[in-house]
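Student: Would you mind keeping the following structure in view while I ask a few things?
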Amino acid sequence: MAVIPGDGIGQEVIPQAVRVIQASGANVELTGFDWGADRYLRDGVTVPADGFAMLGRDYDAILVGAFGDPRVKTNIHAKEILLGMRFKMDLYANVRPIRLLDAALCPLKGIEPKDVDFVVLRENTEGVYTDAGGVFKQGTADEIAIQEDINTRKGVERIIRYAFEYCEKHRKADGSPRNKLLMCDKSNAMTHAGGLWQRVFKEVSGEYLKITAQHMYVDALCMQMVRDPRQFDVIVTNNMFGDIITDLAAGLQGGLGMAASGNIHPGRTSMFEPVHGSAPPIAGKNIANPFGAILTAAMMLAHLGMTAEAAKIEAAVLEAVRQKKTTQDIGGKLGTKEAGEWIEERVSKSGAN
Ligand code: NAD
Ligand code: IPM
Ligand code: MN
């Protein structure tokens, strides 16, 4: 398994995830890589030659922290490393589970853990993220900036199919089936791309009659998410809407420090990272919440078939949240390292699988 902590709090939370993986007894070999801002500033390299081919060939999975450093104004290294992995390794499904572990963590009134248990499946290789477009007459009064929104039949269809399959294969924490798939777009204004998403969703839904196919415009969805998150089960959407609604959804879970994600291409080396970024203002202070990274590690182990190890880690995080053995962003008093050590100890004591 490859481990790339990256920048800022990535360098603090990933070591906690690593200690927890080791405590879980998972049979994995971990190899660290220094890709990130420091290395880029030192030798100008973002991704070493053949880096993605090497990851795909030599590793089962990749655990990533975050990229983003105020010293790299262009953010070029984040683009080349993070978006590079997503695009060049064709990790087309960004899976972002949204689960509330304790009522105290949710900013909404009267919401219990069972009320927030949904998954956002974000298209991860197209949309406005391809950087197609350009700037014309830069610096003049006539300047034009074009950012294209690329939506291919293949790209839209495979994430929608992935979403229906995901519903069939997964259950909620309470054991009930995931039988509602909601496609979220902005087809009332972005008619070309939205039209393609609408047509493909309708067509593919005809093959999955046990799953209720629903639709919401992204603006209405944002309002519904804070008004009543109980209604959501699985949401499929494009790259940018998926980015935005998963930060909003992270708010329901207790903030960005709690949110996990996987960047998946079934059958290929996939990449797992917390949803949060490098959080420069809190970096280096031992205050970042490591649970998003730790839950990401559990997701990665489950993806590789180590479901017992993953379950032990998830149970330990749940217990830490209940006992307030957490960092301050979710109400505890522990530092990043101390919260990681608490999980490590709990996981190592949780015994045989
Ligand atoms: P951010 O996620 O880094 O931080 C947003 C807010 O959430 C901040 O207030 C931060 O303090 C808080 N936060 C985030 N993670 C936390 C944690 N683990 N514990 C406690 N609080 C936490 O987003 P941003 O500030 O918009 O971006 C900072 C940098 O990170 C930028 O360079 C951005 O491009 C980059 N970024 C990278 C990734 C990634 O690599 N996957 C994701 C998002 C942002
Ligand atoms: C995320 C991040 C990235 C994204 C940035 C850093 C490019 O916000 O993983 O959610 O927009 O996908
Ligand atoms: Mn984001």
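Student: Treating only the Cβ of Lys, Arg, Asp and Glu as charged (+1, +1, -1, -1), what charge dipole size does the chain show about its Cα centre? Round to the nearest 20 debye.
Tutor: My answer is approximately 680 debye.
Student: Any idea which of G110, N75, G32 is furthest toward the positive side of the dipole for the chain, if Lys and Arg beta-carbons carry +1 and Asp and Glu beta-carbons -1?
Tutor: Working it through, the farthest residue towards the positive pole turns out to be G110.
Student: Could I ask something else about it? Divide the volume of the convex hull of the Cα atoms of the chain by its number of residues and quote the answer in cubic angstrom per residue.
Tutor: In the chain, the Cα convex hull volume per residue is 148 Å³.
Student: Using only alpha carbon pairs under 8 Å that are at least six residues apart, calculate the relative contact order of the range 1-52 and give it in whole percent.
Tutor: Dividing the mean separation by the residue count of the range 1-52 yields 44 percent.
Student: Shifting gears a bit: Counting only GluC sites (Glu not before Pro) that are in a DSSP loop and have at most 10 other C-beta atoms within 10 Å, tell me the longest site-free stretch of the chain.
Tutor: That gives 208-353 as the longest site-free run.
Student: Related question: With point charges of +1 on the Cβ of Lys and Arg and -1 on the Cβ of Asp and Glu, referenced to the Cα centre of the range 72-188, which listed residue (H170, Q138, V119) lies farthest in the positive direction of the dipole?
Tutor: So the residue we want is H170.
Student: While we're on this one: Would you please give the FRET efficiency between R268 and E338, computed as 1/(1 + (r/R0)^6) with r the Cβ-Cβ distance and R0 = 51 Å, to the nearest 0.05?
Tutor: That pair, R268 with E338, gives E of 0.90.
Student: Are there trypsin sites (Lys or Arg not before Pro) in the range 22-129 that DSSP marks as loop and that have at most 16 other Cβ atoms within 10 Å, and which are they?
Tutor: R71, K73, K109
Student: Right, next: Need the full-extension length gain, M54 to I146, defined as separation in residues times 0.36 nm minus the C-alpha distance. One decimal, nm.
Tutor: Length gained between M54 and I146: 29.7 nm.
Student: Based on Cβ point charges of +1 for Lys and Arg and -1 for Asp and Glu, what charge dipole magnitude is obtained for the range 121-254 about its Cα centre, in debye rounded to the nearest 20?
Tutor: Its charge dipole is roughly 660 debye.
Student: Would you be so kind as to identify which of G335, A66, G284 lies farthest towards the positive end of the dipole of the chain, taking Lys and Arg as +1 and Asp and Glu as -1 on Cβ and the Cα centre as origin?
Tutor: About the Cα centre, the residue reaching furthest to the positive side is G335.
Student: Taking 0.36 nm per residue of separation and subtracting the Cα-Cα distance, what length does fully extending D174 through L209 add?
Tutor: Extending this stretch completely gives an extra 10.3 nm.
Student: Provide the gained length on full extension for the span T191 to Q138, in nm with one decimal, where the gain is 0.36 nm per separating residue minus the Cα-Cα distance.
Tutor: Contour length minus the Cα-Cα distance gives 16.2 nm.
Student: So what is the relative contact order for the chain, in percent, with contacts set as C-alpha pairs under 8 Å and at least six apart?
Tutor: 24
Student: Could you bin all the Cα-Cα distances of the range 92-259 into 5 Å bins starting at 0 and give me the percent of pairs in each, rounded to whole numbers?
Tutor: Values per bin, smallest distances first: 2, 9, 17, 20, 18, 13, 9, 6, 3, 2, 1, 0.
Student: If you don't mind, another one. Ignoring ligands, DNA and RNA, what accessible area per residue does the chain give at 1.4 Å, in Å²?
Tutor: Result: 44 Å² of accessible area for each residue.
Student: Now a separate question. I'd like the per residue volume of the convex hull spanned by the Cα atoms of the range 53-136, given in cubic angstrom.
Tutor: Taking only Cα atoms, the range 53-136 has a hull volume of 185 Å³ per residue.
Student: Taking all protein chains in place and a 1.4 Å probe, what share, in percent, of the accessible surface of the range 92-259 do carbon and sulfur account for?
Tutor: Heavy-atom surface of the range 92-259 belonging to carbon and sulfur, 1.4 Å probe: 53 percent.
The values are calculated or read from the model by the stated rules, or taken from the named source; none is laboratory data. Nothing here was measured: the structure is a model prediction, and the numbers come from that model. A quick note on method: Cβ atoms are made from the backbone with ideal geometry, for glycine too, and the neighbour counts reach across all protein chains shown. These area figures cover heavy atoms from the full protein model, side chains too; ligands, DNA and RNA do not enter into them. Shrake-Rupley method; radii C 1.70, N 1.55, O 1.52, S 1.80 Å.
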